[in-house]
1. Out of all DSSP beta bridges with both ends in the chain, state the antiparallel percent to the nearest 5.
2. Could you list which residues have their amide H under 5 Å from that of ARG200, counting only those 5 or more apart in sequence or on another chain, with H placed in the peptide plane?
3. State, to one decimal in nm, how far the label point of ALA182 lies from the label point of THR43, with both points 7 Å from Cα in the Cβ direction.
4. Output the 0 to 90 degree angle, nearest 10, between the alpha-carbon long axis of helix 178-190 and the longest principal axis computed from the alpha carbons of the chain.
5. Given an 8 Å cut-off on Cα distances and at least 6 residues of separation, report the relative contact order of the stretch 152-245 as a percent.
6. I need the phi-derived Karplus couplings for the stretch 203-208: 6.51 cos²θ - 1.76 cosθ + 1.60, θ = phi - 60°, integer Hz, Gly and Pro marked x.
7. Kindly provide the GluC sites (Glu not before Pro) of the stretch 166-245 that DSSP labels as loop, not H, G, I, E or B, and whose Cβ sees at most 16 other Cβ atoms within 10 Å.
8. Of LEU155, ALA224, ALA104, which is farthest towards the positive pole of the chain's charge dipole, taken about the Cα centre with +1 and -1 on the beta-carbons of Lys, Arg and Asp, Glu respectively?
Amino acid sequence: MKASPAEQKELLRLQALDIRLQQVEHQTKALPQHAELKELAVTADKTRMTLGTRSGAVEDIRTELRRIESDVDVVEKRIARDSDRVKHTSSVKDVQALETELAALRKRLLALEEIEIAVMERLEEAEAAVAVVEAERDAIAARVAEAEQARDLNLADLNRQLGELRRDRAAIAGSITDDLAALYEKRFVSGRGNAAALLRARTCSGCTMTLTGSDLDAVRSSPADEVLFCPDCGAILVRTEESGI
Ligand SMILES: [Zn+2]
């Protein structure tokens, strides 16, 4: 293939841009915030589940407490009613029966109030346990927001770099022939990024092998607009005044 020495030289700039493009593209995928956010999502899920369990426990205790309060209410009303009846009855027998019932009711009320206090203490503990998880949840949310902000800032910067690199690349790719561009592209893929190499002091900068003997003679005898390849790594060998031939 024929290509002017200037076009061949452009391949080196094209390759430098392509390598930089690959690096920046890799950076966008390998941002530390991606891994951090993934981890935070797992922690947030666990926290959400713990919060659900603990909130459920609080609800259960509140139901229990309401039931006891209602029991207390029933007993208190019964005590009030019986006390009132004691005042208004003239039957000794009735008074005795009512007093016996009142004594039992007061005992029952005391027992219920003790249970009520114990349940209230448990409720307090359960509510405190919920508050702990809620604080954890809020802390995680704050870290997520922070990581997202950092990620977005990084991505904006990297995308700006990618835009500039792609624009520069398009300008160079547009300045060389389609055939040379196609040859370069193919070689860039098969050579894993080593498509074009500067021949400097008879040495291929792609694979660092020095040309000798018939390989060197072949390069020396080739016209400047002939596209040559490194006999060792296959890169398009770009000759300049630094080539030493
Ligand atoms: Zn080489």
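1. Values: 6 of 10 bridges.
Beta bridges within the chain, antiparallel portion: roughly 60 percent.
2. SER205
3. 5.4
4. Helix 178-190 sits roughly 60 degrees off the main axis of the chain.
5. 26
6. Result, ordered by residue: 10, 6, 6, x, 10, 6 Hz.
7. Working: sites: GLU185, GLU226, GLU241, GLU242; in loops: GLU241, GLU242.
Filter output for the stretch 166-245: GLU241, GLU242.
8. Farthest towards the positive pole: ALA224.
Readers should treat all values here as calculations from the given coordinates under stated rules, not as data from a laboratory. What you see is a predicted model, and the numbers here were worked out from it, not measured in a lab. Here Cβ is always computed from backbone atoms with ideal geometry, including for glycine, and neighbour counts include all displayed protein chains.
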